[in-house]
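The structure appears right after this line, and notes come after that.
Read-outs throughout are calculated quantities, based only on the coordinates presented, and are distinct from any laboratory measurement. On a predicted model such as this, the values are computed, not experimentally measured, just so you know. All Cβ positions, even for glycine, are placed from backbone atoms using ideal geometry, and neighbour counts span all protein chains on display.
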Amino acid sequence: MQDLLKTVQILREDNHQNIDASIIRLSRDFAREKIDNTWWSLSETPEEAIQAEGDSHWKWEDIVLDYSDNSLYDCIALLSPEGYLEGAMAYQFNVESKLEKGKGSIYIGWLASAPHNRGWLVSRPQYRGIGTILLYWAVIESYNAGLEGRISLQSLPTASTIRFYESKGFVRTDSTQPAMGLVDYELPKSAASAWLKKTEIYHDKC
Amino acid sequence: MISADEIFDGFIGGGKPSENYIRKEVVLFEDLIISSEIDRKMTRLLSLHPQLRVEFRTKDLSNLDEKTKEALLQDMYDILGVTPLSNE
């Protein structure tokens, strides 16, 4: 049995209907069974395309183990009514903000939408915006932990990811791993607050 | 209605942050036994915000009743000025 953290709505690609899905705490068994052994079995996708995805070698079972030490680390996933994991995220609460000295931020170490939701890998993706929902979850977690909604991450600066980060108000901080082409971004308090206000579904208080 | 630019379906990250960015003032409560979401939230706030000071007579938080824990958590939120958003 998985820990149910919240019910959210996700958008089905084929009929544009919102469907209830569950955010759960990810266990090692679930990660192995429903991600590591499942996600990359894409019958219609060429092997080269799979290998080109930067996360195709990630082992979520190991990530869960690494992020289950204490209350400052967490690993969650989005479970669809069909019983598939549509995305997963591992994050920690104990990092410094690069934009506001002396303030804290959540750091997202690993986040992935399931490959069957990526329109560039499959002809008929199942759900859209899974990554957006996971990032929004991180903003809420940051806010509730007294970190004012700040989240930090590293990402490949592709045209589409840059557009996404800019639409949400992320600020590019610095490039700590230039050899890998990764760029650091942080969502500042003001942008987090604007995102929270815009997404009214979460405005009910605990 | 959200725009196409607000839809993200890829992956992010692939590692942990540099040790230089780990907050030194964060206190870990590794000896506390956490068995519920409310335990997790309390210990997280205590770890992240050193100005919150609570001493437990027991290391197993399941020995505290739910109402006590809820009141304690609410006090912490009040001190921090946080009105928690629903994520449960």
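Worth pointing out:
- Expressed to the nearest 5 percent, the antiparallel share of DSSP beta bridges inside chain A is 90 percent.
- Classified by the C-alpha gyration tensor, chain A has a rounded form. Its axis ratio a/c, with a ≥ b ≥ c, is below 1.5.
- Label sites at residue A:68 and residue A:163, each approximated as a point 7 angstrom past Cα along Cα to Cβ, lie 3.9 nm apart.
- Structural descriptor for chain A: relative contact order 15 percent, calculated from alpha carbon pairs under 8 angstrom and at least 6 residues apart.
- Dipole magnitude of the protein assembly as shown about its Cα centre (Cβ charges: Lys, Arg +1; Asp, Glu -1), debye to nearest 20: 760 debye
- Entries in A:103/A:189; A:59/B:16; A:168/A:189; A:168/B:41 that, when Cα-Cα distance is taken, lie over 20 Å: A:168/B:41
- Summing Cβ point charges (Lys, Arg +1; Asp, Glu -1) relative to the Cα centre of chain B gives a dipole of roughly 360 debye.
- Between B:22, B:12, B:33, the Gaussian network model of chain B with springs among Cα atoms under 10 angstrom shows the greatest mean-square fluctuation at B:12.
- When the Cα positions of A:78, A:42, A:94 are compared along the charge dipole of chain A, A:94 comes out farthest toward the positive end, with charges on each C-beta of Lys, Arg, Asp and Glu.
- Gain on full stretching of the segment that runs from residue A:51 to residue A:197 - 0.36 nm per residue minus C-alpha separation: 48.7 nm
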